[in-house]
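Notes follow once the structure below has been shown.
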Amino acid sequence: MKNILLVGPGLIGKKHIEIIEKNPNLKLVAVVSKDINKHSGFLSDIGVEGFFSLDDALNKSKVDGAIICSPNELHYEHASICIEKNIPTLVEKPLTSCLNDSKMIIDLAENKSTPLLVADHRLYNPLIYAAKEYIDSEKFGNVVSFLGSAQFYKPKRYFEEGEWRSKVGGGPLLINLIHEIGIMRFLCGEISKVSAMSTNKNRGFEVEDTAVINFEFENGALGAFTLSDTAASNKSWEMTTGENPLYPSYKDDYSYHISGTLASLDFPNLETREYSSEQDASWWKKFNHGILSIKREDPFVIQMNHFYDVISNNVKPISSARNGYKNLLVLEAIKESIESGKVISLKL
């Protein structure tokens with residue numbers, strides 16, 4: 001049994017707590033929040049002690065692993081404290097809110113030989129591996145384009161419960177697009193160029209509420225992505241994968257469309273369209289239609305089992321901090337493009 005400490009019992013923090021409570025190999029021993037009194041009823045229900053201070057929690061509890069779900073701008077501070085004490089740490093995305101902090105925390109973890117993971121649960125979803133296998137197959141051909149969407153409507157309460165989400169360090173680029181960047185890199189390869197524009201017209205916050213981004217991948221493929229937290233749409237990972245029951249499910253719809261020279265794939269419903277051969281490829285000919293088959297499993301559960309293996313069995317992290325750093329490099333390039341109006345080149 002491994003003892004787990006969690007910082008930040010908010011929306012995603014409570015999801016991690018739910019998974020920990022069901023895992024026979026893990027025990028939640030401490031929860032940290034600057035607003036810990038607000039969570040007193042919840043903590044009483046699950047029988048876990050709450051703390052205002054991370055240092056206080058670590059001094060009073062035996063901790064084998066830490067999960068950081070605090071506001072983005074606090075990730076570096078909280079993760080550093082845990083890494084300094086050689087505690088394997090799982091940090092919610094983004095790793096930190098700026099590149100320099102990410103580099104410093106990665107260097108610290110490597111110098112201390114302490115595992116540091118980024119909580120990208122999507123990389124544990126069997127849907128992603130089915131898609132990746134198909135895209136890499138000969139029947140798909142060369143990757144041509146990626147068309148993606150993360151459009152949804154976050155209610156007023158979402159921002160009232162976490163005011164940081166409407167300020168610099170929050171916003172859908174850092175909170176939501178960081179997920180999508182990792183998936184695009186996983187499915188289509190490294191990103192070499194970006195261009196983007198954004199607006200805050202609808203919400204009027206310090207941060208954007210809507211953005212459109214164009215990508216060029218190192219393999220020559222092109223991509224386009226639409227992001228909005230103020231759109232009445234179901235075109236998002238959350239509402240098309242059905243992986244989290246908190247969101248309504250539209251499993252027959254899709255939020256990504258990936259095209260190759262011989263086939264295309266809708267994701268996450270995994271519908272395929274194929275030509276029989278390169279000789280048959282023509283817009284005058286019908287496609288062979290299909291659906292990839294998989295066994296669905298909860299990626300949050302798989303991720304937590306993996307974190308236990310990292311702590312107990314020295315297993316190499318699937319979603320490493322360095323991979324998270326590369327996602328931040330792409331995100332910083334997107335922000336630079338928004339500010340400058342220019343195409344930004346990358347070398348990951």
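Within segment 157-172, not a single residue is in contact with a Lys or Arg (Cβ under 6 Å, 6 or more places away or on another chain), of a type in the set (G, A, S) and touching a residue at least 12 places away in the same chain (Cβ under 8 Å).
Considering segment 160-202 alone, what residues qualify as being in a helix (DSSP H, G or I) and of a type in the set (S, T, Y)?
Of segment 160-202, the ones in a helix (DSSP H, G or I) are 160, 163-166, 171-188.
Within segment 160-202, S166 is the sole residue that qualifies.
Within segment 311-322, the set of residues being modelled with pLDDT under 95 and surrounded by 20 or more Cβ atoms within 10 Å (Cβ to Cβ) comprises S319, A321. Taken over segment 221-242, the residue count meeting the criterion of being without any contact (Cβ under 8 Å) to a residue 60 or more places away in the chain and surrounded by fewer than 22 Cβ atoms within 10 Å (Cβ to Cβ) is 1. Restricting F225, F215, F205 to residues that are assigned to a loop (DSSP other than H, G, I, E, B), hydrophobic (A, V, I, L, M, F, W, C) and outside the structural domain of H16 (by TED's automatic domain parsing) narrows the list to F205.
Return the only residue of T89, T114 being within 16 Å of G8 (Cβ to Cβ) and either in the same structural domain as E243 (by TED's automatic domain parsing) or at pLDDT 95 or above (or both). Walk me through it before giving the result.
Values: T114 fails: within 16 Å of G8 (Cβ to Cβ).
Only one candidate qualifies: T89.
Within segment 22-45, track down each residue that is aliphatic (A, V, I, L, M) and in contact (Cβ under 8 Å) with a residue 60 or more places away in the chain.
Taking segment 22-45 as the starting set, the residues that turn out to be aliphatic (A, V, I, L, M) are 26, 28-32, 36, 43.
Across segment 22-45, the qualifying residue is only L26.
When you scan segment 111-129, do you find a residue that is acidic (D, E) and closer than 30 Å to L292 by Cα, even just one? Among the residues of segment 111-129, at least one is acidic (D, E) and closer than 30 Å to L292 by Cα, which makes the answer yes.
Suppose we keep only residues that are hydroxyl-bearing (S, T, Y) and modelled with pLDDT under 95 within segment 275-305. Which one would you say is nearest to L116 (Cα to Cα)? Lay out the reasoning, then the answer.
So in segment 275-305, the residues hydroxyl-bearing (S, T, Y) come out as 275-277, 282, 293.
Adding the requirement that they be modelled with pLDDT under 95 leaves 276-277, 293.
Values: S276: 45, S277: 45, S293: 33 Å.
Going through the qualifying residues, I end up with S293.
Considering only residues that are hydroxyl-bearing (S, T, Y) and assigned to a helix (DSSP H, G or I), which ones fall in segment 3-47? Talk me through it step by step, then tell me what you get.
Filtering segment 3-47 for residues hydroxyl-bearing (S, T, Y) gives 33, 40, 44.
Across segment 3-47, the qualifying residues are S40, S44.
Collect the residues in segment 265-291 that are touching a residue at least 12 places away in the same chain (Cβ under 8 Å) and either not assigned by TED's automatic domain parsing to the domain that holds S145 or not in a loop (DSSP other than H, G, I, E, B) (or both), keeping them in residue-number order. The answer is L265, D266, F267, E271, T272, R273, E274, E278, N288, H289, G290, I291. Here Y308 passes the criteria (1) modelled with pLDDT under 95; (2) over 19 Å from the mean Cα position of the chain (by Cα); (3) in a helix (DSSP H, G or I) except the one numbered (1).
The residue that is farthest from the chain's Cα centre (by Cα), among those in segment 241-274 that are within 19 Å of R122 (Cβ to Cβ) and β-branched (V, I, T), is I258.
The values are calculated or read from the model by the stated rules, or taken from the named source; none is laboratory data. On a predicted model such as this, the values are computed, not experimentally measured, just so you know. Don't worry about glycine lacking a Cβ; one is built from the backbone with ideal geometry, like all the others, and counts go over all protein chains shown.
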